[in-house]
Amino acid sequence: MDIAFVACLIMFTLALDALALQRFFGLTWGRAAGISLLMNIVSFIIAMIVMSMLVQRYEAVLTNIYYLRTYFALILALHSLVTLALRTTVEVLIARYWLRDAVVMKLALVLLAANLVSALPGVVTQARMGQPRVPAGYQFEPAAQGFAAGDGLLVYAALEQRGVVACDLASGGLLLLNSALPYHGYRVAALTTNTLVLGITNTVTLARYDEATNRVPEEFVMTCAQSNPACVALAPDLQRLAYVDGAAVRVCDVKTGGEVGSMAVPTNAVPTFLGWAPDGAGLVCSAGSQRWRYELGSATSAWQRADTAPVEPAWVWTPAQYQNYTNTFVAAGMTVTVYTARGIEISMNGVTDVIAPLSQAAYFGIGFAPRSGIFLAQCNREIIAIDVRRKTIAHVARGLCALLTSAVPQQ
């Protein structure tokens, strides 16, 4: 709904209630308009509070695309009826203060009729806006199927578990890697089954899960000098953490949090990516099309221009990229481009389809499961699976900032 439509709907509602009070109860226009304004403001606030509480109570259903699409008409009808009942009840109680001689039943019927008429444009608009943009032949499923052994792990910030979870796509098994739940665009990264989470201030929580920990999740929490650094990288040995702090790159010991090295950023550059060389002996960074490498362990080390680009992740979660990124993925003759506001565009065999299950939702790409070829994406606070072969759109999990890794944990 645009601003002009909402403004017109508000004015229409106020005028209709004022007309009803003036016509059926003999109030002056001034008093009818004042009562109409007061009771609509109060009833709107109360209805918003109550409905938000109900939405929170049934969030698991109302954030699942399958249930939203399958029961869209029912959900819209229940929402409209509860809102109508709340607003009418509150308005009757308020209007009754000035209309003590009025018959309560008549007052209730008049205001109910006025609210029904004024609610119709909004309900019709919601119904039209709620229509999904889905190619012909696609079906919604309550749970994703068809993942194969070798599709690996989906690592994501899970809303139910309130932490970072690794999900074995083939078996559906879950493992809580990290009890810190990231919010509002702070970066999540993963190295196989090891995850890194930036806290809301300047804390960093690292969860390790590997042979060194006897396959038991182990957490370390440390503090960065920089609050919410944009570029953070974990060394392959899982012992060191590097991050950009203004004009410097700092290297810290994970267990102690102590600084073990620092160097100035490359000249006249604002790094957009920071990573480690595969052997852990150096750092790599990039800024736009420029690439550098820094060899550690030498007093005379300096940033050197690199001919090859550092290996940057296909998908990372940072405040800037999470909001503005357009992801493109290619696999098995299929190209998928994910637009934040527009939806998921799939091109194959010269045909391009756009999948946007929810209107006005935010979409983010995750990637193709390597064996099954199923595409994973995020729609608002839900991770979904799109199986182009079976033409299905299915629920995977309620989560954020997901990424794919290859190693499957052993329970």
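For this structure, a couple of remarks:
- For region 59-143, the extents of the C-alpha atoms along the principal axes are 60, 24, 14 Å, listed from largest to smallest.
- Neighbours of Ile41 by Cβ distance under 15 Å: Lys/Arg scored +1, Asp/Glu scored -1, total -1.
- Overall shape of region 1-88 was characterised from the C-alpha gyration tensor. The equivalent ellipsoid obtained from it has semi-axes of 32, 14, 11 Å, in decreasing order.
- Take each peptide in 47-60, 366-379, 23-36, count the other Cβ atoms within 10 Å of every residue, and average; sorted highest first, the result is 366-379, 23-36, 47-60.
- Put simply, the amide H of Val388, placed in the peptide plane, has neighbours under 5 Å in Phe375, leaving out anything fewer than 5 places away on its chain.
Read the figures in this text as sums done on the coordinates, not as results from a lab. Because the structure is a prediction, the values reported are computed rather than measured. Using ideal geometry, Cβ is built from the backbone for each residue, glycine included, and neighbour counts are taken over all protein chains shown.
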